[in-house]
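*Asks:* Sharing a structure with you now.
Derivation of every value follows stated rules applied to the coordinates shown; laboratory data play no part. All values derive from a computational prediction rather than experimental measurement. Counting neighbours? That spans all protein chains shown, and the Cβs are built from the backbone with ideal geometry, glycine included.
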Amino acid sequence: MNQFANNVAVITGGGSGFGLEFARLGASLGMKLVLADIQEDALDKAVAELKAQGAEVIGVRTDVSRAADVQALADAAMSAFGQVNLLFNNAGVGAGGLIWENSEKDWEWVLGVNLYGVVHGVRIFTPLMLEAAKKDPSFRGHIVNTASMAGLLNPPTMGVYNVSKHAVVSLSETLYHDLSLVTEQVHCSVLCPFFVPTGIHEAHRNRPADLSNESGPTRSQEVSRGLTGKAVTSGKVSAADVAQMTFDAIRDENFYIYSHPQALRSVQQRFEAIVAPHNPPDPYADKPDVRASLSAALRG
């Protein structure tokens, strides 16, 4: 897709982080925007900001874990603009701690947003793009699924999140191959950012009450939240930087998008261990101080 002006982008998690930066960049390129977010005040603020800049934009409060909400989002986009060219399945949440300490509700919440949000988006929006492609040879569509470097690695105390993001990478690679069988007009990418300041470490603020744990966080969950928060907030690559990388990849039809290519060294070590086969290498091998402090905190 080398033309963005007047095309329509649907962005989940559009009220903050990557989603808001995708929207800002899309607006600067003349795109029509449909923003979705579960946090209504953030969504309203984002829509107001973009309208003030002259963008054509609507906001739809959406819980992406619910199929009916994603269908309503698609219906709103089609009603407002008649087509969807670019879909960002971007909404995401995080939960950490030792994997055996994660509750059933932890799993339901994280997989509901991170995985089923992408599942619903792909299932509902892909047919709309394919139908548009059949009717118009000039139509171009693209789907970007936000995964994570945690979809290619398995850092400790991030188990639920790791599982959800590995699933998104797998889903995205399968989507890539499936699309290639039926069309040259619709493509996809998977975004695998590392630690970028987006506010995901505060995602629990929007956790539904019925999926909240009755008891407080365990020691390992507190330690994991603190470690993740520190890593995210100290990130040097901004969400705006990642948005530009993503639009460049869409333009060039590149599938894998990495915010921190240097982190691929650990990915390579993991795959080399799988092929060898060797036991899983330490994801913190290059940062022994981080592993030592994490282990000390958990054992202390």
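*Asks:* Quick one: what are the phi-derived ³J(HN,Hα) couplings along segment 122-133, Karplus 6.51/-1.76/1.60 with θ = phi - 60°, whole Hz, x for glycine and proline?
*Replies:* Each residue's phi maps through the Karplus curve to give 5, 5, 8, 8, 4, x, 5, 5, 5, 5, 5, 5 Hz.
*Asks:* Let me have the 222 nm mean residue ellipticity of the chain computed from DSSP H runs of 4+ only, each contributing -39500 (n - 2.57), with the sum over all residues rounded to the nearest 500.
*Replies:* -15500 deg cm²/dmol
*Asks:* For residue 7, what residues show an amide H to amide H distance below 5 Å, using hydrogens built from the backbone and excluding near sequence neighbours?
*Replies:* Placed amide hydrogens put 32 under 5 Å from residue 7.
*Asks:* Using modelled backbone amide H atoms (1.01 Å from N, in-plane), which distant-in-sequence or interchain residues come within less than 5 Å of residue 88's amide H?
*Replies:* Under 5 Å from the amide H of residue 88: 10, 11, 12, 144.
*Asks:* Residue-wise, which Karplus ³J(HN,Hα) couplings in Hz belong to segment 209-225, taking 6.51 cos²θ - 1.76 cosθ + 1.60, θ = phi - 60°, and x for glycine or proline?
*Replies:* Once θ is set to phi - 60°, the couplings for segment 209-225 become 4, 6, 10, 7, 7, 5, 8, x, x, 6, 4, 5, 5, 5, 4, 5, 4 Hz.
*Asks:* In nm, give the distance between the simple-model label positions of residue 61 and residue 123, each being 7 Å from the Cα along the Cα-to-Cβ direction.
*Replies:* 2.4
*Asks:* Excluding residues on the same chain fewer than 8 positions from residue 165, give the aspartates and glutamates whose Cα lies under 16 Å from its Cα.
*Replies:* The reachable aspartates and glutamates, counting only those whose Cα sits under 16 Å from residue 165, are 106, 108, 173.
*Asks:* Oh, and also: If the chain between residue 48 and residue 262 were fully stretched, how many nm would it gain, using 0.36 nm times the residue separation less the Cα-Cα distance?
*Replies:* Gain in length upon complete extension: 73.3 nm.
*Asks:* Extension gain residue 254-residue 177, at 0.36 nm per residue separation less the Cα-Cα distance, in nm?
*Replies:* In short, 26.4 nm is gained.
*Asks:* Hey, can you grab everything whose amide H is under 5 Å from the amide H of residue 187? Only 5+ residues off in sequence or another chain; H modelled, so Pro and N-termini drop out.
*Replies:* Residues meeting the criterion, in which the H sits 1.01 Å from N, are 141, 142, 143.
*Asks:* Does segment 125-203 classify as rounded, prolate or oblate by the C-alpha gyration tensor (a ≥ b ≥ c root eigenvalues; a/c under 1.5 gives rounded; else a/b over b/c gives prolate, otherwise oblate)?
*Replies:* prolate
*Asks:* Could you give the angle, 0 to 90 degrees to the nearest 10, between helix 264-275's Cα long axis and the longest principal axis of the Cα atoms of the chain?
*Replies:* 70
*Asks:* From the phi of every residue in segment 232-237, what ³J(HN,Hα) in whole Hz does the Karplus formula 6.51 cos²θ - 1.76 cosθ + 1.60 yield, where θ is phi - 60° and glycine or proline is x?
*Replies:* 5, 6, 9, x, 8, 8
*Asks:* State whether segment 182-300 is rounded, prolate or oblate according to the following rule on the C-alpha gyration tensor (a ≥ b ≥ c being the square roots of its eigenvalues): a/c under 1.5 gives rounded; otherwise a/b larger than b/c gives prolate, and the remaining case gives oblate.
*Replies:* Verdict is oblate for segment 182-300.
*Asks:* Right, something else. Relative contact order (percent) for the chain, with alpha-carbon contacts under 8 angstrom and 6 or more residues of separation?
*Replies:* It comes to 19 percent, rounded to a whole number.
*Asks:* Computed FRET efficiency, Cβ-Cβ of residue 205 and residue 6, R0 51 Å: what is it to the nearest 0.05?
*Replies:* Calculated value: 0.90.
*Asks:* Quick one: helix 17-28 against the long Cα principal axis of the chain, what's the angle to the nearest 10°, folded into 0 to 90?
*Replies:* Once rounded, one gets 30 degrees.
*Asks:* With Kirkwood radius over Cα pairs in Å as the read-out, I listed (1) 19.7; (2) 23.5; (3) 20.4; which label goes with the value calculated from this structure?
*Replies:* (1)
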